[in-house]
Structures are given as structure tokens and as C-alpha cells.
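**Student:** Below you'll find the structure I mean.
The values are calculated or read from the model by the stated rules, or taken from the named source; none is laboratory data. Predicted model only: the values in this text are computed from it and were never measured. Positions of Cβ are generated from backbone atoms using ideal geometry, with glycine treated the same way; all protein chains shown enter the neighbour counts. The protein model used for the area step is the full one, side chains on, heavy atoms only, and it has no ligands, DNA or RNA in it. Shrake-Rupley method; radii C 1.70, N 1.55, O 1.52, S 1.80 Å.
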Amino acid sequence: MFNKRIKIKEVIGLDQELNDVTVMGWVRTFRNNQFIALNDGSTNTNLQVVAELGLFEDTLLKRITTSAAIKVTGKLVKSLGKGQNIELKAVSIDILGDSDPEQYPLQPKKHSLEFLREIAHLRFRTNTFGSVFRVRHSLAFAVHKFFHERGFLYLHTPIITASDAEGAGEMFRVSTLPLDNPPKDANGNIDFKEDFFGKATNLTVSGQLEGELGATAFGEIYTFGPTFRAENSNTARHLAEFWMIEPEMAFHDLEDNMNLAEDFIKYIIRFAIEHNLEDLSFLDQRLADEEKLLPTDKRSEMSLLEKLNFVVDNDFERITYTEAIDILLNSSAYKKKKFQYDVKWGIDMQSEHERYLVEKHFKKPVIVTNYPKEIKAFYMRQNDDGKTVAAMDILAPGIGEIVGGSQREERLPLLTQRMAEMNIPEEELWWYLDTRKYGTVPHAGFGLGFERMVLFVTGMTNIRDVIAFPRTPKSAEF
Ligand code: 4AD
Ligand code: MG
């Protein structure tokens, strides 16, 4: 067996002297031909490996370069040096993989995040990305743990669909027809009957509609999978491929939905604080260092960890859309014409408006409910006022919209009326409408954008830095 190693995270937690310890990892630095800082990805803390002078051949020592992969066996001893409690006195060192220092693009110094995006295949080997992706892992694990503990069923909804769940038309087509010469029907239109699925298909924008089918049998389900949006938004908050968590619950109204969403967000943040404190402390410091470069009024009032603890310990603010618009209209920002986009009842709030509400006015996460029906999807439940729907968005400081959800329209006539108004053909969604015919129930659900959640928890500011290989307009490298 080759892999008889101890992970560095475990090694640095040991406080007794120990013989015959084997570690494997990638060299971060090699100082004075003697001290190797070794990292294996289990933690940002490097293990100090000491290659005693005279014990190893020069030819071997020359190959201990940044990012070379090595295997070390030796004795774990108390360290006399500063910065670590223990170190590994090497007895044998094997080079598993060389790394040419002339060519290797990552030097042991600070690189810009923009540069690291260009070498996203290597950026996991930096402290920042090590921490971000370990936190991302924990959050994903906590998502499953939360729903599993509450008896939700994990439903795998399809990636390829023939429907546009959000009705926003932002879909990537899936087709095997020849692009240069597609078959045409009698009217000269592309004939999708000839296509692989016998109809036009696309990558899913949301698993919600299928999720509702599950909820109306299992009671409570959630999805957690990739979703795709061909919206041409080149912002620090949008990806063309992102991961979404979508719980859907029978016998839930809008308030139950909000309560669940708030509990859920707090639970996964708490999980990360409990399991990733070392990484979060590193990211906390990283953010503090970044913000030192900003003018004082642009800096956050709380550190990253203070912010996370604050969110976990305090209730989210809950307001209606109408109240939100009133707050904006009465704000000094509006009166001093500081908003780029106009404010009036009926607008789809822009991120500047959302950020004003959370960052300036309430200074905490805000749940906004009961939006005008014109700016929301066809499936949202109509309120009695005839103007609004039982929608809810959760807005987070520094992020803006992090959750979108609603109580669903369970009344068939009202649902089909809304679909007709929005030109959504009933034939395409016959299966969806069946749930309203056979034992329809009040139900609700929401979608949490996973990368926006990871942004919030890690304090990173660009969504491209919290997903391994970002897909954005004009960019699909790796
Ligand atoms: O608000 P959205 O479009 O809602 C839905 O898709 C519903 N079907 C969800 C549901 O009720 N089951 O998207 C939900 C969330 C947003 O709040 C945002 O966090 C995230 O998904 N999101 C994106 N994240 C990254 N890049 C994009 N292009 C995103 N679009 C939406
Ligand atoms: Mg939304």
C-alpha cells in the first residue's frame, strides 16, 4: 500500500513526539536548504519539515522546489523555532513529482485574484482558495445535513428539460442538430421533431417545477444541483452555471417558507463557524487587509466573523415590497438623486436599492415579501389585493438577493389565468398542472444561490472566486 500517510491537519494537532510519521504534499517554500513548508490541502497551516544539513544529497535538495510533490517520513519533534509547535525531522524524502521553478506560475508571494483566475487550475494551491473551497465544502455538507435532519427528501431533478421554469427565456439550448444545416419544417423554421429528444430542449434554469411534483407526494423535498442561465450579466454576482438549493414544501404558506429559509441560512453559517474556524479566521484577516486599502467610509463596520455571528444571532428584518419602496422614496439617497435607477411602486428593484435597504437602512439581512405580480414568475400565489403575489426575496449585506422564493399558486383557475396572461402554453406544462387537479395543497419553496451564500460566508467579493471553474460570458476555460 502506497498511502500510509497522516494528513497535515492531524499531524499539527499532535503534541507528542512520534517516530515513523509519513506525510505527503506539495512544497510551499524551501528555506536555507533545510526548512520545507509542506502543504497537503487539509489545512492552510504548513508543516515544517527539517532536512538536516549533510543528511541528504545535493541532487535531491535541488529538486525540492515550490509545488514539487514530496513524500517525507521522519520523526515528529517539538519545534524550537518560532511559528510552530512541532516539526517533522526528515529521515527520508522522496520526490513524487518535480516542479520546474522557472516555469511554475505561482510564486510564494501575493498574487492578484484576477491573475489567479487565469490560472484557476492551480489556484487551489494558494491559502485563499484553500480556505474558500474548504468552507464551500462544509456549506454543501451542511445543506444536506440540515434537510436530512428535518426529514426532507433529496430529489434529483433533470438537467435537460423542455420547459423554462422561470419563464425568463434565459436558456442554453441542448441540441444534436447540425448547426450549419438544421432540418426545416414546411414553414422554414428549424424542425426540432428531428432533434435528439424530438422537441426543443435546454439546460435547466431551476429544478422548482419538478420539485413541486415531489413535494406534492413526499411532503418536503429539496434539490441541490447545477442550474444554467444564459443571461448576459457580466457582474460580480452572476454566473452562467451556478448551484442552487431548492426546497419545496407541501402544507407551507409564505410565513412558513420564510421561517425555514431563515433557519436554514443560520444553520449552515453556524456549521461553517463550528467546523472551519481556522479558514474563516484566515479569510477574516484577508478581508481586513484588503479593506485597509479602501477609504474609511467604504470599509465594513464588522469583521467577517463578527458579521457571521451577528447574522446567526439576530432576526432577519421582514418587510413588504410596498414598505421597501416607501423606505427608498424617503431615503436621503433618493432625495439627493444618488440612485442611478428611478424608484417607484412597480419597479424591479436594482441592486443599488437592495443594498441600500440592507447595508444602509437595516444593516442586517432583510426579507422582502409581496412583490408586484408583473415582475414575478407565473407560479407565484396571487394575493387578494389583485396586485401582488406571495413572493419573498432575502437580501444579504454585501450580496443583494441571495434567496428567491414564494408560496405557489395552488388554485388551478388562477394559475392557468396567469399563464395565459404571460403567454405560457398549457400544453407544455400539462404535467405541472396535474398537481393542481389531483389533491392540490398550499405549498411553498425557495431557491438559494449557493455561490452567493459562499460569497457571503467567505467575505470574497467576486462570484468567480467561490466556484472552482467559473462559467461567465465569453469565458469557459478549464
Ligand atoms: O430568484 P431565482 O431566479 O428563483 C428561482 O429560480 C426559483 N425557481 C427558486 C425557487 O423558488 N425554487 O433564483 C434563486 C436564487 C437567487 O436568489 C440567487 O441567489 C441565485 O439563485 N441566482 C444566481 N446565482 C448566480 N448567478 C446567477 N446568474 C443567478 N441567478 C440566480
Ligand atoms: Mg430572483
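**Student:** Which of the residues belonging to the stretch 237-262 are within 12 Å of Pro473 (Cα to Cα), touching a helix residue (DSSP H, G or I) at 6+ places or on another chain (Cβ under 8 Å) and open to solvent by 20 Å² or more (accessible area, probe 1.4 Å)?
**Tutor:** His238
**Student:** Given the structure, is Ser99 among the small types (Gly, Ala, Ser) and open to solvent by less than 40 Å² (accessible area, probe 1.4 Å)?
**Tutor:** Against the criterion (among the small types (Gly, Ala, Ser) and open to solvent by less than 40 Å² (accessible area, probe 1.4 Å)), Ser99 qualifies.
**Student:** How about the stretch 460-475: which of its residues are of a type outside the set (D, E, K, R), surrounded by fewer than 23 Cβ atoms within 10 Å (Cβ to Cβ) and touching a residue at least 12 places away in the same chain (Cβ under 8 Å)? Show your work before the answer.
**Tutor:** Start the filter on the stretch 460-475 by keeping residues that are of a type outside the set (D, E, K, R), which leaves 460-463, 466-470, 472-473, 475.
Keeping just the survivors that are surrounded by fewer than 23 Cβ atoms within 10 Å (Cβ to Cβ) gives 461-463, 467-470, 472-473, 475.
Thr461, Asn462, Ile463, Ile467, Ala468, Phe469, Pro470, Thr472, Pro473 - these are the residues of the stretch 460-475 that are of a type outside the set (D, E, K, R), surrounded by fewer than 23 Cβ atoms within 10 Å (Cβ to Cβ) and touching a residue at least 12 places away in the same chain (Cβ under 8 Å).
**Student:** Hey, any hits in the stretch 364-386 for a residue that's outside any strand (DSSP E or B), farther than 19 Å from Asp326 by Cα and aromatic (Phe, Trp, Tyr)?
**Tutor:** yes
**Student:** Also: Scanning the stretch 373-407 for residues that are without any contact (Cβ under 8 Å) to a residue 24 or more places away in the chain and more than 13 Å from ligand 1 (Cβ to nearest atom), which turns out surrounded by the most Cβ atoms within 10 Å (Cβ to Cβ)?
**Tutor:** Result: Asn383.
**Student:** Which condition breaks for Glu410 when tested against (1) out of contact with any His (no Cβ under 9 Å at 6 or more places or on another chain); (2) acidic (Asp, Glu); (3) open to solvent by 20 Å² or more (accessible area, probe 1.4 Å); (4) more than 15 Å from ligand 2 (Cβ to nearest atom)?
**Tutor:** Going through the list (1) out of contact with any His (no Cβ under 9 Å at 6 or more places or on another chain); (2) acidic (Asp, Glu); (3) open to solvent by 20 Å² or more (accessible area, probe 1.4 Å); (4) more than 15 Å from ligand 2 (Cβ to nearest atom), Glu410 breaks only (1).
**Student:** Can I ask one more? Can you find, within the stretch 168-191, the residue that is most open to solvent (accessible area, probe 1.4 Å) among those that are aliphatic (A, V, I, L, M) and more than 23 Å from Glu248 (Cα to Cα)?
**Tutor:** Leu179
**Student:** While we're looking at this one, here's another question. Name the residues in the stretch 192-209 that are open to solvent by less than 30 Å² (accessible area, probe 1.4 Å) and more than 16 Å from ligand 2 (Cβ to nearest atom), would you?
**Tutor:** Asp195, Thr201, Asn202
**Student:** Sticking with this one: Yes or no: Glu352 out of contact with any strand residue (DSSP E or B) (no Cβ under 7 Å at 6 or more places or on another chain) and either open to solvent by 10 Å² or more (accessible area, probe 1.4 Å) or away from ligand 2 (no atom under 16 Å from the Cβ) (or both)?
**Tutor:** yes
**Student:** Now, a different point. Identify the residue in the stretch 420-454 that is part of a helix (DSSP H, G or I) and more than 26 Å from Leu254 (Cα to Cα) and, among all such residues, is least open to solvent (accessible area, probe 1.4 Å).
**Tutor:** Here the residue is Glu428.
**Student:** How about the stretch 1-53: which strands (runs of 3 or more DSSP E) wholly inside it have at least 3 residues that are in contact with a Phe, Trp or Tyr (Cβ under 9 Å, 6 or more places away or on another chain) and buried (at least 20 other Cβ atoms within 10 Å of the Cβ)?
**Tutor:** Qualifying strands (runs of 3 or more DSSP E): 35-39.
**Student:** I've got another one for you. From the list Ser131, Ser67, Ser79, Ser99, which residue is polar (S, T, N, Q) and modelled with pLDDT under 95?
**Tutor:** Ser79
**Student:** Looking only at residues in the stretch 301-330 that are outside any helix (DSSP H, G or I) and open to solvent by 60 Å² or more (accessible area, probe 1.4 Å), which one is nearest to Asn44 (Cα to Cα)?
**Tutor:** Met302
**Student:** Also, I was wondering about something else. Pick from Ala68, Ala140, Ala165: which is open to solvent by less than 50 Å² (accessible area, probe 1.4 Å) and within 16 Å of ligand 2 (Cβ to nearest atom)?
**Tutor:** On inspection, the qualifying residue turns out to be Ala165.
**Student:** Something else about it: Pull out all pairs, ordered by first then second residue, where Cβ-Cβ is under 9 Å, the residues are six or more apart or on different chains, the first lies in the stretch 108-134 and is closer than 23 Å to Ile64 by Cβ and assigned to a loop (DSSP other than H, G, I, E, B), and the second is open to solvent by 70 Å² or more (accessible area, probe 1.4 Å) and not aromatic (Phe, Trp, Tyr).
**Tutor:** His121/Glu477
**Student:** Here is a list: Thr201, Thr157. Which entry is polar (S, T, N, Q) and more than 22 Å from the chain's Cα centre (by Cα)?
**Tutor:** Among Thr201, Thr157, only Thr201 is polar (S, T, N, Q) and more than 22 Å from the chain's Cα centre (by Cα).
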